[in-house]
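Asker: First the structure, then my questions, so here it is.
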Amino acid sequence: MKKFRNSRKGFTLIELMVVVIIVGILAAVAVPIYRANIKKAAASEGAALLGAVLTAEKVYYAENNTYTTSKSNLNVEATGNKYFTDYSISTADANGFTASTTGTGAAAGVTVTMTYTNAGGATISYSGL
């Protein structure tokens with residue numbers, strides 16, 4: 001009979017440590033990218049809210065020949081939103097308006113701004129992404 005060496009099955013401590021280090025490096029890279037994508041996705045809710053403001057402002061303009069800074073004149077509700085629950089209109093005249101909204105929760109620090117002019121249309125910009 002041949003003698004078989006005691007064969008050990010499994011991983012050595014060094015091999016396990018290498019795997020743990022690799023997983024840690026991957027997690028350190030993936031988590032910030034994931035969080036940035038969450039903010040970008042949440043910012044689309046803010047853009048949708050400002051799209052509703054744009055529609056309401058156009059209706060108001062059709063009736064009054066000017067845009068308004070008063071939210072009560074627009075009747076745009078943001079109560080169903082998760083991250084962007086309020087907006088403000090900083091400037092408005094007969095040529096256009098500027099509206100913005102700031103995120104909360106996972107979108108904290110994100111601000112979405114829409115500038116609309118009759119001649120140039122709407123431009124949306126994001127900050128804090």
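Asker: Given the options S72, I38, A94, identify the residue whose Cα lies farthest towards the positive end of the charge dipole of the chain (+1 on Cβ of Lys, Arg; -1 on Cβ of Asp, Glu).
Answerer: So the residue we want is I38.
Asker: Here is a further query. Expected output is a single nm value to one decimal: the length gained when fully extending between A62 and D86, i.e. 0.36 nm times separation in residues minus the C-alpha distance. What is it?
Answerer: Net length gain for the segment: 6.2 nm.
Asker: Hey, another quick one. Give me the net charge for the shell around I33: Cβ to Cβ below 14 angstrom, other residues only, Lys and Arg +1, Asp and Glu -1.
Answerer: Details: positive: R35, K39, K40; negative: none.
Surrounding charge for I33 is +3.
Asker: Could I ask something else about it? Apply 1/(1 + (r/R0)^6) to the Cβ-Cβ distance of E77 and A30, taking R0 = 41 Å, and write down the FRET efficiency to the nearest 0.05. Don't skip to the answer; put the middle values down first.
Answerer: Working: r = 37 Å, r/R0 = 0.90.
So, using R0 = 41 Å, E works out to roughly 0.65.
Asker: Student exercise: in the range 14-127, how many lysine pairs 8 or more apart or on different chains have Cα atoms under 22 Å apart?
Answerer: Here the count comes out as 4.
Asker: Mind listing P(r) for the range 8-115? All alpha-carbon pairs, 5 Å bins, whole percents.
Answerer: Cα pair-distance distribution for the range 8-115, in percent: 2, 12, 17, 14, 11, 8, 6, 5, 5, 4, 4, 3, 3, 2, 1, 1, 0, 0.
Values in this text are rule-based calculations from the coordinates and carry no lab data. Computed from a predicted structure; not experimentally measured. Note: ideal-geometry Cβ built from the backbone for every residue, glycine included; neighbour counts use all protein chains shown.
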